[in-house]
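The values are calculated or read from the model by the stated rules, or taken from the named source; none is laboratory data. Here the structure is a predicted model, which means the values were calculated and not measured. Methodologically, a virtual Cβ is constructed for each residue, glycine included, from the backbone with ideal geometry; neighbour enumeration extends over all protein chains shown.
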Amino acid sequence: MSAEQRLRSAALVFAVAVAVHGADHLRRGTDVVTTTVLVAGGIQFLLGAITVVLIFRHHRWASRAAIAVGFASAIGFTAAHLLPHWSAFSDAFTGSHVAPNVTVLSWAAALFEIGADVALGWAGVRALRLDGGRNIASSSR
């Protein structure tokens, strides 16, 4: 599989993971998280959607967007869900203050999202590196 194919595959998995995680938030109820978490999630969703579009349009910034959005999302979701409650950015699944309505599905969705985020970032790194610093996604155009 070429670096471009890996990047596209990672983008598809990422899109599915974002949808699954978003569906779990809707299942849990948007009223159980802070406005800060809702806004941060909305921004991440928007940036993720833009990144997927850039990848499938072979845009010259696709690999760089995958790196930035993938790794930033992984860090953000890990901090929000896997750390005990620490701020308005928390939607903690651990610690003494676990967020309401967290189930095994919530854990699976969050871990799937974090894994897909890392995979997207890593696919972006590989695509950029394998093309000698140029963006691999733009090489076919």
Is it true that ASP31 is without any contact (Cβ under 8 Å) to a residue 12 or more places away in the chain and at negative phi?
yes
Of ARG64, ARG8, ARG27, the only residue that is in a helix (DSSP H, G or I) and either in contact with a Phe, Trp or Tyr (Cβ under 7 Å, 6 or more places away or on another chain) or among the β-branched types (Val, Ile, Thr) (or both) is ARG8
Screening LEU7, LEU54, LEU12, LEU46 for residues that are under 22 Å from LEU105 (Cα atoms) and modelled with pLDDT of 95 or more leaves only LEU12
Considering segment 97-124, residues that are among the polar types (S, T, N, Q) and on the phi < 0 side of the Ramachandran plot, and then whichever is surrounded by the fewest Cβ atoms within 10 Å (Cβ to Cβ), we arrive at THR103
Sole miss for ILE75 among (1) outside any loop (DSSP other than H, G, I, E, B); (2) modelled with pLDDT under 95 is condition (2)
Just to be sure, is HIS59 at pLDDT below 95 and in a loop (DSSP other than H, G, I, E, B)?
yes
